[in-house]
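Since every read-out is calculated from the coordinates, none of them should be taken as a lab result. Note that the coordinates shown come from a computational prediction; the quantities given were computed from them, not determined experimentally. Using ideal geometry, Cβ is built from the backbone for each residue, glycine included, and neighbour counts are taken over all protein chains shown.
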Amino acid sequence: MPYSGIIHGTEGADPVKISVVNETSVPLVCEAALAHWYSDELGRVSPGEELTLTLWHDQKTGVFNLMNATDDRMPVEALWCASEAGRTRLTLPIASGKAKAALRYSCRAGGEAGLSCEAASG
């Protein structure tokens, strides 16, 4: 019997625009960690450029979802970006209730962390 817990479509979920700005001098690759040890590349970001995508937030559970090609919800466990300077996790505000309509992250290289992507306003 196929797994029956898959939720299809975005009904009851709110779109959240995710933006990742690359303020480093090297390209970044950003990925989503999904359930069951699976990851999906979200995109590559050149220096000075911005990656934008939409995740869907379930107000009941607080889970952010990435939609696949057949419009199934894929729960996101974590987002991260990486470069030759290192890898860093982008913190998602996973909580029930209404989420912000947009989340913007600014990625910088340097310091002890090597690479950091912090939530920015706007």
Legend entry - Residues Glu112, Glu31, sorted so that the one with the fewest Cβ neighbours within 10 Å comes first: Glu112, Glu31
Inset, instruction - Kindly state, to the nearest 0.05, the FRET efficiency for Ala35 paired with Ala120, given R0 = 25 Å and r defined as their beta-carbon distance. - result: 0.35
Inset, instruction - Read phi for every residue in the stretch 86-99 and hand back ³J(HN,Hα) as whole Hz from Karplus 6.51 cos²θ - 1.76 cosθ + 1.60, θ = phi - 60°, with x for Gly and Pro. - result: x, 9, 9, 8, 9, 6, 9, x, 6, 7, 5, x, 6, 9
Inset, instruction - Note the listed values (1) 25; (2) 12; (3) 19, then indicate which one is percent of Cα pairs over 27 Å apart calculated from this particular structure. - result: (3)
Legend entry - Alpha-carbon centroids, the stretch 16-41 and the stretch 51-69: separation in whole Å: 14
Inset, instruction - Rank these for me by crowding, His8, His57, going from fewest to most other beta carbons within 10 Å. - result: His8, His57
Inset, instruction - Give me Trp80, Trp56, Trp37 ranked fewest to most by other Cβ atoms within 10 Å of their Cβ, as a rough exposure proxy. - result: Trp37, Trp80, Trp56
Legend entry - Long-range HN-HN contacts of Glu49 with modeled amide H, under 5 Å: Asn22
